[in-house]
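Structure, as structure tokens:
Throughout, read-outs are computed from the coordinates displayed, never taken from laboratory work. In this text the structure is predicted, and so the values were computed from the model without any measurement. Here the Cβ positions follow ideal geometry from the backbone for every residue, glycine too, while neighbour counts run over all protein chains shown.
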Amino acid sequence: MAVRKILRIGDEFLLKVAAPVTHFASTELHALVQDMFDTMQAVDGAGLAAPQIGVGLRVVIIGSRNNPRYPQREPVPTTVLVNPQITPVGREMVEDWEGCLSVPKMRGWVPRHAQIHYRFWSVAGEMTERTVDGFHARVVQHECDHLDGILYPQRIRDMKRFGFEEELFRQP
């Protein structure tokens with residue numbers, strides 16, 4: 001379909017809370033999801049939320065295999081999440097580097113729940129539930145934050161661990 005422009009940090013639209021999807025299996029929803037996949041693949045993303053392309057709906061796509069932006073990470077199954085809901089499993093938090101298509105060329109050390117249970121609806125309106133950990137859990141939490149107007153720099157505890165990739169990971 002189309003590669004869409006990705007909104008960047010500073011655009012006020014990214015700070016808005018997205019509305020729930022109420023019409024499943026629609027032509028518009030299918031077209032949105034296709035545009036999201038086209039956009040994510042064009043920039044080697046591991047996930048993308050509809051607000052990142054200027055659509056205020058609670059839709060997220062995830063999926064990562066052999067991703068050059070995350071070469072050491074385990075695969076995340078390609079999935080469309082409509083109206084996702086996250087519940088932490090336990091209190092354990094883990095910190096790791098994150099990047100974002102809306103915060104290009106930067107990384108930050110971000111705390112996330114180590115394990116989560118999430119439920120979501122498919123484009124057709126079928127509900128699915130999963131319990132995950134690792135990179136999969138991190139990607140889901142990161143993308144769902146976009147639905148609530150949260151960008152990962154807002155979660156960073158120590159701003160000394162936030163910056164441009166080329167500066168943070170400079171090889172001697």
> Most exposed first by the Cβ proxy, i.e. fewest other Cβ within 10 Å, how do Arg119, Arg170 rank?
Replying inline: Arg170, Arg119
> When a footprinting reagent is the concern and you count Cβ atoms within 10 Å, what order do Leu168, Leu151, Leu81, Leu32 take, fewest first?
Replying inline: Leu168, Leu151, Leu32, Leu81
> Going by how many other beta carbons lie within 10 Å of each one, how would you line up Cys100, Cys144, fewest first?
Replying inline: Cys144, Cys100
>> Output needed for the stretch 12-168: three equivalent-ellipsoid semi-axes, defined as square roots of 5 times the C-alpha gyration tensor eigenvalues, in descending order, whole Å.
In response: 24, 18, 15
>> Net charge within 13 Å of Val33 by Cβ-Cβ distance, Lys/Arg positive one each and Asp/Glu negative one each, not counting Val33 itself?
In response: -1
> Quick one: Cα centre-to-centre distance for the stretch 109-170 and the stretch 1-68, in angstrom?
Replying inline: 15 Å
>> Give the aspartates and glutamates reachable from Lys160 as a straight Cα distance under 15 Å; neighbours fewer than 8 places away on the same chain don't count.
In response: Glu95, Asp96, Glu98
> Hey, in the GNM for the chain with a 10 angstrom Cα cutoff, which one of Trp109, Trp121, Trp97 fluctuates hardest?
Replying inline: Trp97
> Near Gly108, within a Cβ-to-Cβ distance under 14 Å, what is the net charge of the other residues, with Lys and Arg +1 and Asp and Glu -1?
Replying inline: +1
> So which residue, out of Val76, Val140, Val89, gets the largest mean-square fluctuation from a GNM of the chain using Cα contacts under 10 Å as springs?
Replying inline: Val89
> In straight Cα distance, which lysines are under 27 Å from Lys5, not counting same-chain residues fewer than 8 positions off?
Replying inline: Lys16, Lys105
> Using Cα atoms only, what is the angle between the long axis of helix 134-147 and the major principal axis of the chain, expressed in degrees (0 to 90) to the nearest 10?
Replying inline: 60 degrees
>> With n ≥ 4 as the cut-off for DSSP H runs, can you work out [θ] at 222 nm for the chain, using -39500 (n - 2.57) per run divided by the number of residues, rounded to the nearest 500?
In response: -6000 deg cm²/dmol
>> At a threshold of 8 angstrom on Cα-Cα distance, excluding pairs fewer than six apart, so keeping six or more, what relative contact order does the stretch 73-113 reach in percent?
In response: 34 percent
>> Quick check: the angle from helix 27-42's long axis to the longest principal axis of the chain, C-alpha only, nearest 10 degrees?
In response: 20 degrees
